[in-house]
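What follows is calculated from the coordinates using simple rules that are stated; it is not laboratory data. Quantities reported herein were computed from a predicted structural model and do not represent experimental measurements. Cβ atoms come from the backbone with ideal geometry, glycine included; neighbour counts cover every protein chain shown.
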Amino acid sequence: MQVVPSIDVQNGRSRLVHWPGAAVGVGTPTDRPERIAERYVALGAELIHVVDMDGARSGHPANLEALGRIASRVAVPLQVAGGMEGPDNIRLAFAAGATRVVVSMAVADRPELLHDCLEVAGDWLAVGLDPRPDRIAAYPWHRPAPPSLVDLAGELVDHGVHRLILSHGGAVPDLGFLAGLARTLRVELFVAGGSVDLDAIKSLRDAAIAGIILGESLLTGAIDFAKALEAAS
């Protein structure tokens, strides 16, 4: 299972300062996304997840320059989320250096837009879903009743989506449910965020989850990246 460091980019900088040696005063803190990505790649990261915070709010990419700086410094795939909903937005992200993009749950309710995005990104497109039932139920769907997560995921797979990212916010992932979902769907499942520790990472690995995306917990040192890689292997 992959452990994927995530960097929230706002106004060209990381939302959180990364200082691995803060507890003992070793090293240099930085909020430059390209330097943070470099550090993780040097430690063994095989994929970097970048969230364009400004793009998520505006609906179109807003940190392409920062994305380009990251791409120029690391030789691993870059997966970008935030403001990617639309083929032109995806083209801009790819031109800046992205190799994968993540679109929001909103495209699940707009099949034509989803198909347009798939035409540009193909297998390198992922859809982000919030698996919490109350969040799915609260979304303003253009259908008679809210779908279940299983039905929603099945629809996306039928449309040609090969990768789903389940964002748990601060909730604890339901490991049993995720294991069942991984068994029944022909899709790569990534878990983003959530209240996890090293034991949870091992359980997600055993549940055949393709990867876990960790942001604040890695950047603040709450979870050690090297130990997370070990737990996931």
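Size estimate for the stretch 77-147 follows the Kirkwood approach: the inverse of mean 1/r over distinct Cα pairs works out to 12.7 Å. Full extension of the chain segment joining residue 112 with residue 197 gains 26.7 nm, where the gain is 0.36 nm per residue of separation less the Cα-Cα distance.
Of all the options 214, 67, 198, the one that moves most in a Gaussian network model of the chain with Cα springs shorter than 10 angstrom is 198. Taking Lys and Arg as +1 and Asp and Glu as -1, the other residues whose beta-carbon sits under 15 Å from that of residue 188 total +3. Only beta bridges with both residues in the stretch 2-232 are counted; by DSSP, about 10 percent of them are antiparallel. Considering helices alone, the calculated mean residue ellipticity of the chain at 222 nm is -11500 deg cm²/dmol, with DSSP H runs of length four and up weighted by -39500 (n - 2.57) and normalised per residue. If I take all pairs of Cα atoms in the stretch 21-173, what percentage of them are more than 17 Å from each other? Of all Cα-Cα pairs in the stretch 21-173, 65 percent lie more than 17 Å apart.
Scaling the Cα radius of gyration of the stretch 149-189 by the globular reference 2.2 N^0.38 Å produces a ratio of 1.15.
This model, with +1 at the C-beta of Lys and Arg and -1 at the C-beta of Asp and Glu, gives the stretch 106-208 a dipole about its Cα centre of some 200 debye. Rounded to the nearest 20, the Cβ-based charge dipole of the stretch 32-104 about its Cα centre (Lys and Arg +1, Asp and Glu -1) stands at 200 debye. Using alpha carbons only, how many angstrom separate the centre of the stretch 165-233 from the centre of the stretch 53-128? Using only Cα atoms to place each centre, the spacing works out to 22 Å.
Residue separation of residue 139 and residue 58 scaled by 0.36 nm, minus their Cα-Cα distance, works out to 27.3 nm of gained length.
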